[in-house]
Amino acid sequence: MDTKLLLIFLTIIMTAVAQVSLKKGAFYTLQQKEFYIFVSIGALIYIGTFFLQVYLLKYFDVSKLTPVLTIGSMLLIVLLGVILFAESFTLKQGAGVFLGAVAIYLILN
């Protein structure tokens with residue numbers, strides 16, 4: 001697989017992990033050190049994704065890269081929310097996830 005495509009997948013994974021870290025931090029109060037640990041981890045990961053995106057923009061059109069990263073992150077975050085946090089998953093959300101996957105396919109082909 002092309003290195004640049006691997007970096008796209010890495011960026012999507014890092015974005016989802018950052019969101020999970022922020023969600024974990026939200027379970028704590030500002031007085032608890034765990035809040036700052038999880039929020040700091042999320043922020044550091046987001047900094048990494050920022051620089052990966054800047055690098056990837058040298059090789060991909062912004063009109064293709066940004067939607068793929070955004071929708072790909074959404075797909076993974078929905079999955080992680082359901083698995084890790086027992087969040088609900090409705091038929092309407094399922095339709096949205098399906099349409100998101102279709103959108104990525106159409107954008108890349």
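The values are calculated or read from the model by the stated rules, or taken from the named source; none is laboratory data. As the structure is a computational prediction, the values presented were derived from the model and not from experiment. In this analysis, Cβ positions are derived from the backbone assuming ideal geometry, glycine residues included, and neighbour counts consider all displayed protein chains.
Among residues of segment 81-109 that are touching a residue at least 24 places away in the same chain (Cβ under 8 Å), those with a beta-carbon under 9 Å from a residue that is of a type in the set (Phe, Trp, Tyr) at least six positions away or on a different chain give the pairs 81/89. Annotation note: Cβ proximity below 6 Å between a residue of segment 16-30 that is farther than 16 Å from residue 49 by Cβ and a residue that is of a type in the set (Asp, Glu) (sequence gap 6+ or interchain) occurs for 28/34. Assessment of segment 49-61 against the conditions (out of contact with any helix residue (DSSP H, G or I) (no Cβ under 9 Å at 6 or more places or on another chain) and under 16 Å from residue 105 (Cα atoms)) yields at least one matching residue.
Selection of helices (runs of 4 or more DSSP H) fully inside the chain by the criterion of at least 1 residues being modelled with pLDDT under 95, surrounded by 12 or more Cβ atoms within 10 Å (Cβ to Cβ) and acidic (Asp, Glu) returns nothing.
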